[in-house]
Amino acid sequence: MSNLKNSTQKEMNKNKTTPTFDSQKESQNVDFTGYTHQDTTNSVNEEIGREDMVDKGSVKKIEKPLKVFGGFCIAVFIAAMIFSYKPAVNKSSEAKEALKNKVSTSLSAGTILLNKDENVGQQDYTINHKSENKESKIWVWDYAAEDGDYVQVLVNGTPVSEAFMIKHKPKEIIVPATGDIQIKGIKDGGGGITYAVRYELNGTNYFNSAPEGEYNTYTLVKE
């Protein structure tokens, strides 16, 4: 009787452990299924990321030539504006008087009187002044066409500047307040070398011309 009871108890214990084993196995299957789902999600996200990178790369490839073309158009526009720009010729009564007399105290340095070079003749000048300064400024510019004329400034026959192309924008040079200041024609860009010079000492502009190899003399004398 005792043996039968023990046998029955063992059988009952065996039956109790079997469901537990099946439950653990089922749990393991669920975990495994969850892991597989996570892998699938990561793969999809990675694929989407790669597609986004490809799309962004394609956009950049398209944008780059457009930016280059836009920059080129802007550069062409600016160049066209620069080369098409023509400074205004002064047509006032003072300008007409300056062309006639070749001298002006009312016009500023850099004033343009003509669209193209015209031979106005050569002339030397004596400039009397009362300045106590030992040096003074002069400004030299092309009052007609900016066509590649070159001049050089000398003091008593000695160069104090390199030969330079005269432009509409005045070039400033320091010279002695007394002595002979010469402006020598170096290269004719076409139509004659026409230039203007303004002396700080007397606030006067002189409109002159100097053929290649020749010069005009401005004698500065302190009174």
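Any residue in the range 126-135 that is farther than 15 Å from residue 198 by Cα and touching a His at 6+ places or on another chain (Cβ under 7 Å)?
no
Only one residue in 181, 174, 166 is surrounded by fewer than 18 Cβ atoms within 10 Å (Cβ to Cβ) and modelled with pLDDT of 95 or more. Which one?
The match here is 174.
Give me the residue from the range 144-161 that is over 27 Å from the mean Cα position of the chain (by Cα) and within 15 Å of residue 210 (Cα to Cα) and, out of that set, modelled with the lowest pLDDT.
144
One line per residue, one yes/no per condition, for (1) in contact with a Gly (Cβ under 9 Å, 6 or more places away or on another chain); (2) surrounded by fewer than 18 Cβ atoms within 10 Å (Cβ to Cβ); (3) part of a loop (DSSP other than H, G, I, E, B); (4) in contact (Cβ under 8 Å) with a residue 60 or more places away in the chain:
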site: 98; (1), (2), (3), (4): no, no, no, yes
site: 107; (1), (2), (3), (4): no, no, yes, yes
site: 112; (1), (2), (3), (4): no, no, yes, no
site: 115; (1), (2), (3), (4): no, yes, yes, no
site: 119; (1), (2), (3), (4): yes, yes, yes, yes
site: 138; (1), (2), (3), (4): no, no, no, yes
site: 148; (1), (2), (3), (4): yes, yes, yes, no
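The values are calculated or read from the model by the stated rules, or taken from the named source; none is laboratory data. All values reported here derive from a predicted model rather than from experimental measurement. We place every Cβ from the backbone using ideal geometry, glycine too, and count neighbours over all the protein chains shown.
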